[in-house]
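First the structure, in the form of structure tokens, and then the observations on it.
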Amino acid sequence: MLRVDPSEGRPWLVVADLHLGLTVGDRGTPGPPEGAPTALRDRLLDACRESRVFRLVVAGDVKHPIVGTPRALRPAVFGVFADLLAEGVEVDIVLGNHDVGLTAHLPREVTVHPASGLLRDGVGVFHGHRWPSKEVLGADRLVAGHLHPGFRFASTGESASGKLACWVRAEFPTVAKGAPPRRFAARELVVLPAFHPLAGREALNREKPRRSRSFLFGRFLGEGTPRAYLLDGTDVGPIVMPSIRRSGARRAARSAP
């Protein structure tokens with residue numbers, strides 16, 4: 001999660017990819033306790049208390065089922081946000097690609113924003129599967145999710161696959177005089193790790209990550225100098241993906257408005 005401290009006003013938190021319902025079995029059987037909606041709710045509440053914030057922004061993929069919200073999951077989705085509201089935390093949700101049919105199962109006090117994003121205190125927040133609005137693209141700082149970024153190491157006790165969750169921070173240089181303008185104004189982009197501890201992770205230090213088709217690669221990360229950081233703050237170095245920069249930029253050019 002990321003804390004935003006505006007020059008004026010109160011700080012707020014932004015998280016991405018809660019994927020509520022990810023560990024529920026086909027017959028509604030519960031999965032590992034750390035992936036339960038109540039466990040995720042408790043982590044969100046603890047984070048808000050420790051950070052002393054009273055606003056939470058979720059940058060997409062609140063739930064895991066892509067189409068619709070299964071009947072058994074609806075009370076859990078409602079309950080997570082009802083408990084945040086009861087604690088005095090205001091909630092904004094930017095819709096992600098998994099959030100079809102979500103809005104009807106949220107408390108009325110939750111503010112829902114389209115997938116094109118939200119601009120608050122000079123920070124543009126979007127999920128990452130749909131092109132952001134012009135308003136969001138004009139922000140000085142951008143925050144996204146969707147990629148579930150990770151970094152692959154040798155297998156460990158923490159991760160049998162060797163993939164550890166990470167943040168990505170890309171800084172963008174000033175456009176040189178005479179060079180084509182970028183389609184966004186931001187000086188930096190932060191891609192958040194998935195909040196759900198059991199969500200899949202994309203190893204960004206592979207030559208061709210699966211999710212390289214996202215315009216986040218060709219139109220954003222490929223425009224700057226992206227680096228990866230583990231959740232404890234360890235800088236694991238730059239993300240160098242020259243082949244993705246070339247092909248991703250062409251795909252993004254076709255899909256961008």
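The values are calculated or read from the model by the stated rules, or taken from the named source; none is laboratory data. Note that the structure is a prediction, hence the values are computed from the model and not measured. Counting neighbours? That spans all protein chains shown, and the Cβs are built from the backbone with ideal geometry, glycine included.
What is the residue count in segment 166-196 for residues that are under 15 Å from Tyr229 (Cα atoms) and more than 19 Å from the chain's Cα centre (by Cα)?
Of the residues in segment 166-196, 0 are under 15 Å from Tyr229 (Cα atoms) and more than 19 Å from the chain's Cα centre (by Cα).
Scan segment 31-42 and tell me whether some residue there is within 15 Å of Phe81 (Cα to Cα), touching a strand residue (DSSP E or B) at 6+ places or on another chain (Cβ under 6 Å), part of a loop (DSSP other than H, G, I, E, B) and not β-branched (Val, Ile, Thr).
Within segment 31-42 (the criterion being within 15 Å of Phe81 (Cα to Cα), touching a strand residue (DSSP E or B) at 6+ places or on another chain (Cβ under 6 Å), part of a loop (DSSP other than H, G, I, E, B) and not β-branched (Val, Ile, Thr)), the answer is no, since none of the residues qualifies.
Only residues that are assigned to a strand (DSSP E or B) and either charged (D, E, K, R) or modelled with pLDDT under 95 (or both): list them for segment 101-145, please.
Selection gives Arg120, Arg141.
Filtering segment 9-45 down to residues that are farther than 20 Å from Arg201 by Cα and touching a Ser or Thr at 6+ places or on another chain (Cβ under 8 Å), which residue is modelled with the lowest pLDDT?
Pro30
If you scan segment 175-191, which residues turn out to be in a loop (DSSP other than H, G, I, E, B) and either touching a His at 6+ places or on another chain (Cβ under 7 Å) or modelled with pLDDT of 85 or more (or both)?
If the condition is that a residue be in a loop (DSSP other than H, G, I, E, B) and either touching a His at 6+ places or on another chain (Cβ under 7 Å) or modelled with pLDDT of 85 or more (or both), then Arg182, Arg183, Phe184, Ala185, Ala186, Arg187 are the ones that fit.
Exactly one condition in (1) modelled with pLDDT of 95 or more; (2) under 28 Å from Ser7 (Cβ atoms); (3) not in a loop (DSSP other than H, G, I, E, B) is false for Gly88; which is it?
Of (1) modelled with pLDDT of 95 or more; (2) under 28 Å from Ser7 (Cβ atoms); (3) not in a loop (DSSP other than H, G, I, E, B), only one is false for Gly88: (3).
Residues checked against (1) touching a Gly at 6+ places or on another chain (Cβ under 7 Å); (2) without any contact (Cβ under 8 Å) to a residue 24 or more places away in the chain:
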{"residue": "Pro114", "(1), (2)": "no, yes"}
{"residue": "Leu119", "(1), (2)": "no, yes"}
{"residue": "Val123", "(1), (2)": "no, no"}
{"residue": "His127", "(1), (2)": "yes, no"}
{"residue": "Ser133", "(1), (2)": "yes, yes"}
{"residue": "Val190", "(1), (2)": "no, no"}
{"residue": "Ala199", "(1), (2)": "no, no"}
